């Protein structure tokens, strides 16, 4: 479904990604692991169309999307949940959920928001609350629900477990497992929480200094301290 071939990218004269090659099949959850600052978030931003490529190619279902802007990739089914959530603090939960579908299918926006409030009971109980008044975990749920509002085929998740209390983390993991099974959505999960990554992804790519240096079994990595020290300096 998603293929990256020899992708190089960065910011100005600073190169961050070095010849990254990656393939994700439909319905698969693939994790990208690594320490802070190695290029994981930049990788997701490249896939989403927020950071231009210096060279290489990104294809979605065989279509070259390397030069497409982010909004056109979104219309093709790519949805991005950034680190830090990026919700609209001044809008209510319900309004946040209506933003995405309103841009693509205005008539369906209200119905989509209502369906998501039912699927996420925690959000349904605070539909009229401002996004900025929610806890960190609730904001992460809102960011995830908003990403799903456009009915994506590829979901990019940047550190969804960061700073989240265990109960909300369990809810996020359950939702992601369910939508992957029911909707056959492909997930690319950037994480440092190995236990959380192992709950969702069977395999992980380890990134070091902008390069994918190894592909590992996430369950084995989560249980093996020697591998963790070797690949992630944990």
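Couple of notes before you dig in:
- Remark: spin-label model distance residue 170-residue 209 equals 4.2 nm, labels positioned 7 Å along the Cα→Cβ axis.
- Nearest 10 degrees, 0 to 90: helix 166-183 Cα axis against the chain principal axis: 90
- In terms of overall dimensions, region 132-187 has a Cα radius of gyration and Dmax of 11.2, 33 angstrom.
- Residue order, fewest to most beta carbons within 10 Å, for 218, 42, 3: 3, 42, 218
- Over the Cα atoms of region 110-231, the radius of gyration divided by the Kirkwood radius equals 1.01; this is the Rg/Rh ratio.
- Helix 136-148 vs. the chain, principal-axis angle (Cα, 0 to 90°, nearest 10): 90
- With respect to the chain, whose longest principal axis is taken over its alpha-carbon atoms, helix 93-104 is tilted by about 70°.
- Evaluated at q = 0.16, 0.18 Å⁻¹: base-10 log I(q)/I(0), Debye formula over Cα of region 87-151: -0.40, -0.51
- Spatial extent of the chain: Rg and Dmax, with the Cα atoms as the point set, Å: 17.3, 54
- Ordering of 113-119, 226-232 by packing [mean C-beta count within 10 Å, highest first]: 113-119, 226-232
Values quoted throughout were computed directly from the atomic coordinates according to the rules given, and no laboratory measurement underlies them. Note that the coordinates shown come from a computational prediction; the quantities given were computed from them, not determined experimentally. Note: ideal-geometry Cβ built from the backbone for every residue, glycine included; neighbour counts use all protein chains shown.
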